[in-house]
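Engineer: Starting off with a structure, shown below.
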Amino acid sequence: MKNNKSKEPIVLIDEQHTIPRKTGNGILRYFMTTDSNGCLLRYSLAYINSNITMVDNGRVIGYDNDHNYHHRHCMGAVEPINFISYQELLNQFEQEWRTFHEKYKQRND
């Protein structure tokens, strides 16, 4: 008998948070899918703020595994990364977007 488990990706996270203009502006995007066994299929983390940069559709910093490799976007530049775990990458992303955000806020206070 065949396994009837769905082969469709399971969306675990699909969130967007807007940072108000008065507190620095921007959008945070979190997206992650897994297979039915819980294996990571696709992810995307992005801090978007077109007041900081207009390149790459305003993406200041981001990570994803589109185009069949793990990579980092930073102010329009794209570079491959050594992927260890989603949680480690999420922690790194959180630190980086907060650093960019704080620098922007300080310049505009």
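Laboratory data are not the source of any read-out in this text; all were calculated from the coordinates shown. These figures come from a predicted structure and were not determined experimentally. All Cβ positions, glycine included, derive from the backbone under ideal geometry; neighbour counts span all protein chains shown.
Engineer: Only strands (runs of 3 or more DSSP E) wholly contained in the chain count here; list those with 1 or more residues that are of a type in the set (Phe, Trp, Tyr).
Structural biologist: So the answer is 26-34, 40-48, 59-64.
Engineer: For residues that are of a type in the set (Asp, Glu) and crowded, with 19+ Cβ neighbours inside 10 Å, tally how many sit in the range 29-63.
Structural biologist: So the count comes out to 0.
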